[in-house]
Amino acid sequence: MTRHDATLRRRRRRALLRVRIVVAGAGALALALLLVAAVLELPEGPLGLAEEAAAQLAHTGVDHAVTAVLLNYRSYDTWLEVGVLLLAVMAIFALRGGAHLENVRPAPRRDPLLTWLTRLLIPMLTLTAGYLLWLGKFAPGGAFQAGVVLGAAGAMLRLSGTPSLDRIGDVAIRILLAVGFLAFLVAAVATRLAGLDMLELPPGRAGDIILMVETLATISIATTCAVLVMAMPGAESPPAIAAKDVRKEART
Amino acid sequence: MIEPMAWCILAPFIGASLAFLLPGRVWRRPIAIGAIGATLASVWMLTSQVWNSGAQRMDLSGWPAPLGIGLAADGFSVFMIVMTGVVGSLIGAYALWHYSDLSDATEPAERRLFWPLWLILWGSLNAIYLSSDIFNIYVALEVITLAAVALITLSGKAEALVAAMRYLLAAFLGSLSYLMGVALLYATHGALDLVIIADQERAGLPEVGAFALMATGLALKTALFPMHFWLPPAHSKAAAPVSAILSALVVKASFYVLLRLWFGVFDGPAMYAVGILLGTLGSAAIIWGAFQALRQMSLKLLIAHSTVAQIGYLFLIFPLTARRPSGELAAAGWITEACTGVSYHALSHALAKAAMFLGAGVVLHVYGSDLLTNMRGMSRRLPITTFALAIAGVSLMGLPPSGGFAAKWLIVTAALGAGQWWWVLVILIGGLLTAGYIFLMLRWAFISEDAPIQLRPANMPIQLAALALALLSVLVGFRLEEPFQLLVIGDPFPIFDLP
């Protein structure tokens with residue numbers, strides 16, 4: 001390839017980039033104009049379901065509207081969202097060639113300071129997660145927040161070289177990952193068999209059922225977060241090679 | 001008693017959970033067969049229930065809409081669920097072999113993940129067809145996207161990973177666009193239930209903006225020209241059963257949602273222009289996709305580009321069911337033909353395209369490559385697969401008496417009745433180009449090989465799965481009465497009364 005060719009190609013690439021920027025800018029501008037025009041035309045005054053959701057709160061088993069929406073009014077949506085998390089783990093497993101955590105590289109070298117900090121933080125993270133889970137009943141909190149904090153504890157264990165989820169075996173990991181999804185599944189079948197609507201929670205026991213489902217969901221969400229960190233491509237040999245291939249492929 | 005509607009979602013989800021928890025060799029086959037059987041039984045129960053006693057609706061969580069989420073099944077939902085059930089279980093039969101230890105095309109590791117992913121995908125496809133809630137549809141679309149992406153990456157090849165990543169980004173952009181539309185609709189109507197929104201007064205600009213955002217997102221997910229760029233690599237680099245699932249079933253789900261919005265939410269003076277625009281993009285897809293298919297040298301890429309073209313036909317429903325600015329329907333009296341024609345096209349394309357991708361899987365297994373020039377001597381070596389590819393091709397071309405013919409005939413009738421003769425022209429040219437790439441594909445099969453080559457043997461079951469799908473794609477053209485009666489149950493295609 002001559003230098004002339006290279007210059008031409010570079011120029012063409014730059015021109016293409018400019019076209020892309022112009023197209024993207026025009027698209028963004030059109031979208032912004034559309035949204036502004038639409039929002040200006042929106043009906044005024046309070047509209048929506050917030051009032052009704054608040055009015056029925058007494059029958060939901062919890063005192064916080066967001067938790068009521070997530071685990072009572074629209075628990076079906078939350079079930080599917082927990083399914084999304086399960087799928088995310090499966091997608092990571094697929095990227096690792098289907099292997100679960102079997103060939104995760106042994107945790108990195110220990111650092112005394114890090115170990116000390118971990119010992120200090122893990123109990124506090126666990127406690128915070130438990131508190132957030134319980135808090136969901138009457139304030140912002142619940143399974144997702146608690147699960148993320150607990151998952152961070154798992155990630156921290158991994159980073160500090162402390163054996164944790166990577167040592168408890170494949171079957172146990174799979175069960176921990178799936179219990180959240182299964183909790184909703186069991187609730188769906190059980191409520192219907194009890195003669196209620198599917199996923200309907202009897203007002204008297206709704207609070208207990210919600211806490212139980214949220215606890216199981218917390219376990220799955222935390223395991224999902226921790227596993228996503230542990231199983232990240234590059235944590236061991238085979239996918240690391242695949243990732244390199246991808247980068248090469250993307251460049252050509 | 002659990003409603004058949006709920007079973008259609010529960011059965012595949014239970015199967016997926018079991019398949020995830022017990023991925024070992026011993027359990028894989030019984031779980032897969034059990035899940036397919038249970039899902040088919042649920043589909044059958046739902047079909048007979050809707051057939052005998054009309055459209056169904058159920059509330060979830062004990063809260064009727066607008067506070068809770070409703071599931072609803074009318075004739076159109078059931079039509080799509082039956083399509084997914086029939087095509088899905090035949091692809092499943094193929095996958096039973098493809099992801100078994102008899103197959104050397106797959107790693108032990110990927111065999112563990114196919115079934116949980118596919119069963120969750122199946123359950124959420126049914127969830128889309130049953131959902132009456134626009135936000136719930138968004139969540140189900142996310143589940144479908146993520147499961148589809150993971151299925152593409154299963155093959156582990158670097159090019160599949162690149163294709164999956166591009167698909168993921170495109171599909172997420174589509175999801176976000178749809179979600180913005182959901183927010184606008186909720187702000188306008190204060191409800192998320194499709195029926196409640198449809199019953200309210202049309203709301204002008206915010207609603208039109210919402211439809212524009214949602215239609216753009218859904219068209220991106222359906223791979224409507226010119227937003228189809230992600231489809232050919234994603235659909236061709238995946239393993240054969242996954243390609244079949246993506247091309248036959250997954251793209252139809254987002255199209256279904258778009259149709260629901262078109263008939264349930266959108267109306268107004270802009271309707272005719274939007275309909276013509278969508279029809280024009282569909283026509284461009286028909287021509288462009290077929291031209292690209294003609295230029296391909298590998299079987300799976302050819303079939304994938306053919307999907308781009310066949311998706312175009314689906315979008316002809318919009319100009320034919322639009323309302324002119326004056327308020328009168330563009331195709332008054334021909335709405336039923338247009339709607340049944342397009343639904344029928346979705347069905348016969350799903351059958352034919354699944355047959356072709358499974359046939360391509362057999363070719364890939366036997367010949368070790370899917371280059372068209374390598375397929376010499378195929379008509380003698382793989383008579384069943386060659387026959388399946390040819391028969392599926394007949395349905396794609398729209399030759400009588402196939403299902404593809406019935407579909408195109410109905411669309412042409414509606415277009416002529418509406419006085420929109422130009423779509424007929426597009427359909428005719430599209431049919432000719434389709435014939436072109438089908439013959440181009442089959443030409444190599446009938447050329448005898450230069451020298452005898454050593455090939456792997458193909459077993460019967462996987463060839464028969466492809467053949468069964470191909471035969472069904474033709475046979476559905478013979479019997480139109482029942483599907484027609486099914487499609488009108490519950491009036492899924494209402495055109496709003498004049499204001």
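The values are calculated or read from the model by the stated rules, or taken from the named source; none is laboratory data. Since we're looking at a predicted model, the values are computed, not measured. Virtual Cβ from ideal backbone geometry, glycine too; neighbours counted across all protein chains shown. Ligands, DNA and RNA are stripped out before the accessible areas are found, and what is left, the full protein with its side chains, is counted by its heavy atoms. Shrake-Rupley method; radii C 1.70, N 1.55, O 1.52, S 1.80 Å.
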| the stretch B:296-499, Cα convex hull volume normalised per residue, Å³ | 113
| Reciprocal mean inverse distance between Cα atoms of chain B - Kirkwood radius, Å | 22.6
| said: For the stretch A:1-92, report the % of Cα-Cα distances exceeding 16 Å. | reply: 77
| remark: For the stretch A:1-42, using Cα atoms only, the Rg and Dmax in Å read 18.2, 60
| request: Work from the charge dipole of the stretch A:1-42 (Cβ charges, +1 for Lys and Arg, -1 for Asp and Glu, about the Cα centre) and give the residue of A:Ala30, A:Val19, A:His4 farthest towards its positive end. | output: A:His4
| field | Rounded to the nearest 20 debye, dipole of chain B from Cβ charges on Lys, Arg, Asp, Glu | value | 1460
| message | Over all directions, how big on average is the projection of the convex hull of the alpha-carbon atoms in the stretch B:227-337, in square nanometres? | response | 7.4
| message | Could you give each residue of the stretch B:465-479 its phi-based ³J(HN,Hα) in whole Hz, using Karplus coefficients 6.51, -1.76, 1.60 with θ = phi - 60°, and x for Gly or Pro? | response | 4, 5, 5, 4, 4, 5, 4, 4, 5, 7, 4, 4, x, 7, 10
| Cα convex hull of the stretch B:1-159: mean projected area in nm², to one decimal? | 10.1
| Compactness of the stretch A:19-63, expressed as Rg and Dmax over alpha-carbon positions, Å | 19.4, 57
| request: Please get the size of the charge dipole for the stretch B:123-261, origin at its Cα centre, with Cβ charges of +1 on Lys and Arg and -1 on Asp and Glu, quoted in debye to the nearest 20. | output: 520
| request: Enter the mean number of other protein chain beta carbons within 10 Å of the beta carbon of each residue in B:156-162, as an integer. | output: 6
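Once you wrap a convex hull around the alpha carbon atoms of the stretch A:154-222, what is its projected area averaged over all directions, in nm²? Show your work: numbers first, answer last.
Numbers: hull surface 21.4 nm².
Taking the Cα atoms of the stretch A:154-222, their convex hull projects to 5.4 nm² on average.
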| query | Which residues' amide hydrogens lie under 5 Å from the amide hydrogen of B:Ser298, considering only partners 5 or more residues apart or on another chain, with H built in the peptide plane? | reply | B:Leu372
| message | Starting from the Kirkwood Rh over alpha-carbon pairs, what translational D in µm² s⁻¹ does the stretch B:57-136 have by Stokes-Einstein at 4 °C and 1.567 mPa s? | response | 88
| message | Using only the alpha-carbon atoms, how far is helix B:335-367 inclined from the longest principal axis of chain B? Give it as 0 to 90 degrees, nearest 10. | response | 20
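Is the stretch A:107-148 rounded, prolate or oblate when judged by the Cα gyration tensor, a ≥ b ≥ c being the square roots of its eigenvalues, rounded requiring a/c under 1.5 and prolate requiring a/b larger than b/c?
Judged from the Cα gyration tensor, the stretch A:107-148 comes out prolate (a/c at least 1.5, a/b above b/c).
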| message | Using +1 at the C-beta of Lys and Arg and -1 at the C-beta of Asp and Glu, which of B:Gly217, B:Met5, B:Gly181 has the Cα lying farthest in the positive direction of the dipole of chain B? | response | B:Gly217
| task | Determine ³J(HN,Hα), in whole Hz, for all residues of the stretch B:126-131 in sequence, where each value follows from phi through the Karplus function 6.51 cos²θ - 1.76 cosθ + 1.60 and θ = phi - 60°; x replaces Gly and Pro. | result | 4, 4, 4, 5, 9, 6
| Principal-axis tilt of helix B:158-189 within chain B, Cα atoms, nearest 10 degrees | 10
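About the Cα centre, and with charges only on the beta carbon of Lys, Arg (+1) and Asp, Glu (-1), how big is the dipole of the protein assembly as shown? Nearest 20 debye, please.
Taking the Cα centre of the protein assembly as shown as origin, the dipole is about 3460 debye.
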| query | What is the log10 of I(q)/I(0) for the stretch B:331-450, computed with the Debye formula using one identical point scatterer on each Cα and no solvent, at q = 0.20, 0.22 Å⁻¹? | reply | -1.00, -1.14
| P(r), alpha carbons of the protein assembly as shown - 20 Å bins starting at zero, rounded % | 16, 49, 31, 4, 0
| Roughly how crowded by other chains is peptide B:129-142, in terms of the mean Cβ count from those chains within 10 Å of each of its Cβ atoms? | 2
| field | chain A, Rg to Rh (Cα coordinates; Rh as Kirkwood inverse mean 1/r) | value | 1.11
| field | Relative packing of B:304-317, A:32-45, A:122-135, which averages over residues the other C-beta atoms within 10 Å, highest first | value | B:304-317, A:122-135, A:32-45
| task | Could you tell me the total accessible area buried at the B-A interface, probe 1.4 Å, in square angstrom to the nearest hundred? | result | 5200
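Quantify, in whole percent, the carbon and sulfur part of the accessible surface of chain B (1.4 Å probe; protein heavy atoms only).
70
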| the stretch B:273-316 to the stretch B:432-498: how many Å between their Cα centroids? | 17
